[in-house]
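Right, one structure below, let's go through it.
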Amino acid sequence: MNWLTNVVRPKIRNMLRRETPENLWIKCPDSGQLVFYKDVEANQFVIPGSNYHMRMGAVARLKSIFDNETWFDVALPDVTPDPLRFRDEKKYVDRIKDARARTNLNDAVKVGYGKLEGAGVVIAVQDFDFMGGSLGMAAGEALVRGLELAVEKKSPFIVFAASGGARMQEGILSLMQMPRTTVGVQMLREAKQPYIVVLTNPTTGGVTASYAMLGDVQIAEPGALIGFAGARVIEQTIREKLPEGFQRAEYLKEHGMVDMVVHRHELRPTLARLCRLLTRAPAQESASKSVQPVVSPAQIVMSPEAAPAAPHA
């Protein structure tokens with residue numbers, strides 16, 4: 001009998017067992033509702049019932065903004081992968097390898113150049129799945145290169161911020177990216193090109209203390225957590241209870257910290273209108289403009305995720 005129960009029956013159960021993907025269903029953090037993953041993905045990662053805005057990856061974000069889901073990936077400068085030879089529970093280089101394997105990104109910031117309703121724009125997206133979207137040397141170089149490209153192409157620069165702050169494994173070299181990106185924003189302003197920031201959930205720490213709050217227009221997604229220090233730290237410092245919804249997008253809009261809170265489904269047309277307004281370009285002219293590739297083909301590469309685009313010059 002032991003042979004039947006211990007060998008035969010388990011084998012039969014294994015033959016009948018169906019493999020179910022772990023991400024087939026998503027539980028809404030707000031309402032607890034279980035939603036089919038494909039439905040959420042088709043809805044731009046917004047839970048249909050509760051309108052809760054989930055985090056969106058860099059590639060999915062670029063697809064949702066650029067015309068025909070087509071763009072050029074901007075080639076970014078190489079940086080020293082582990083300048084301080086940092087190690088905590090595991091080596092920093094191993095953490096980077098794991099993050100790259102999990103997200104298929106080189107670092108936390110991805111930069112693309114393409115069309116938004118016919119007009120050329122440069123877009124940088126922070127991916128929170130890559131080490132919490134932390135700002136390190138590679139992310140700082142990516143943002144500065146994106147700002148330089150916007151100046152070269154005389155086009156607006158849009159950044160989607162999502163970060164826990166500076167990357168502690170790079171120490172002072174990470175903190176140096178705050179003034180570097182701030183100088184890059186000023187360079188764009190001197191070129192009289194629009195700088196638009198979209199604050200997504202969450203945007204905190206040194207990112208909030210630098211380029212994320214310097215936009216000509218500050219947009220936030222509904223329910224996004226935005227702040228420098230955490231609510232608990234603030235309460236312990238001022239020894240007062242914080243109001244309901246403190247550091248959320250809607251609270252910040254009411255108190256003048258952001259200009260507008262825009263639903264993700266309305267974000268693309270809103271950004272297009274702002275770009276036309278800030279560049280004083282009529283709608284029909286913007287639609288007819290063609291995006292020219294960067295002069296040096298070495299500075300830009302075709303996105304493998306994007307649909308075929310115009311060939312390089």
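The values are calculated or read from the model by the stated rules, or taken from the named source; none is laboratory data. This one's a predicted model, so the numbers in the text were calculated from it and none came from an experiment. Heads up, the Cβs are rebuilt from the backbone with ideal geometry, glycines too, and the neighbour counts pull from every protein chain shown. These accessible areas exclude ligands, DNA and RNA; they are computed on the full protein's heavy atoms, side chains included. Shrake-Rupley method; radii C 1.70, N 1.55, O 1.52, S 1.80 Å.
The loop-placed trypsin sites (Lys or Arg not before Pro) in the stretch 30-122, going by DSSP, that have at most 16 neighbouring Cβ atoms within 10 Å of their Cβ come out as 55, 85, 90.
Taking amide hydrogens as placed 1.01 Å from N in the peptide plane, the amide H of residue 210 sits under 5 Å from that of no residue at least 5 positions away in sequence or on another chain. Within the shell defined by Cβ-Cβ distances under 13 Å, the residues around residue 174 carry a net charge of -2, with Lys and Arg each +1 and Asp and Glu each -1. Can you find, among 60, 113, 84, the residue sitting farthest towards the positive end of the charge dipole of the stretch 55-279, where Lys and Arg contribute +1 and Asp and Glu -1 at Cβ? Of the listed residues, the answer is 84. Using a cut-off of 30 Å between Cα atoms, the listed pairs 192/253; 110/192; 63/192; 115/192; 38/154; 110/153 include 38/154 as exceeding that distance. Computed 3J(HN,Hα) for the stretch 202-219, one whole-Hz value per residue from the Karplus formula 6.51 cos²θ - 1.76 cosθ + 1.60 where θ = phi - 60°, is x, 10, 9, x, x, 5, 5, 7, 10, 5, 5, 10, 10, x, 5, 10, 9, 10, glycine and proline marked x.
Shown in residue order for the stretch 67-76 are the 3J(HN,Hα) couplings computed by the Karplus curve 6.51 cos²θ - 1.76 cosθ + 1.60 at θ = phi - 60°: 4, 6, 6, 10, 7, 9, 6, 7, 5, 10 Hz (x for Gly and Pro). Expressed as a whole percent, the proportion of Cα-Cα pairs in the stretch 55-279 lying more than 32 Å apart is 16%. For GluC sites (Glu not before Pro), the sites in the stretch 46-122 that DSSP calls loop and that have at most 10 other Cβ atoms within 10 Å are 89. At an R0 of 51 angstrom, the distance between the Cβ atoms of residue 183 and residue 42 translates into a FRET efficiency of 0.80. Ordering 99, 155, 187 by the projection of their Cα atoms onto the charge dipole of the stretch 55-279, which places +1 on the Cβ of Lys and Arg and -1 on the Cβ of Asp and Glu, puts 99 at the extreme positive end.
Which of rounded, prolate, oblate describes the stretch 145-225, given a ≥ b ≥ c as roots of the alpha-carbon gyration tensor eigenvalues and a/c under 1.5 marking rounded, otherwise prolate only if a/b is larger than b/c? Because a/c hits 1.5 or more and a/b fails to exceed b/c, the stretch 145-225 counts as oblate.
For the stretch 55-279, the per residue solvent-accessible surface stands at 45 Å², with DNA, RNA and ligands left out and a 1.4 Å probe. When only the Cβ of Lys, Arg, Asp and Glu is charged (+1, +1, -1, -1), the dipole of the stretch 55-279 relative to its Cα centre reaches about 140 debye. In a fully extended conformation the segment linking residue 229 and residue 154 would gain 23.5 nm over its present Cα-Cα distance, using 0.36 nm per residue.
Couplings for the stretch 167-180, taken from phi via the Karplus curve 6.51 cos²θ - 1.76 cosθ + 1.60 with θ = phi - 60°, read 8, 5, 5, 10, x, 4, 5, 6, 5, 5, 6, 5, x, 5 Hz in order; Gly and Pro are left as x. Cα centroids of the stretch 32-46 and the stretch 83-147: 25 Å apart.
Within a straight-line Cα-Cα reach of under 17 Å, residue 97 can be paired with the following aspartates and glutamates, leaving aside sequence neighbours fewer than 8 residues apart in one chain: 78, 82, 88, 89, 107, 127, 129, 170. Of the GluC sites (Glu not before Pro) found in the stretch 232-286, those that fall in a DSSP loop while having at most 14 other beta-carbon atoms within 10 Å are 240, 244.
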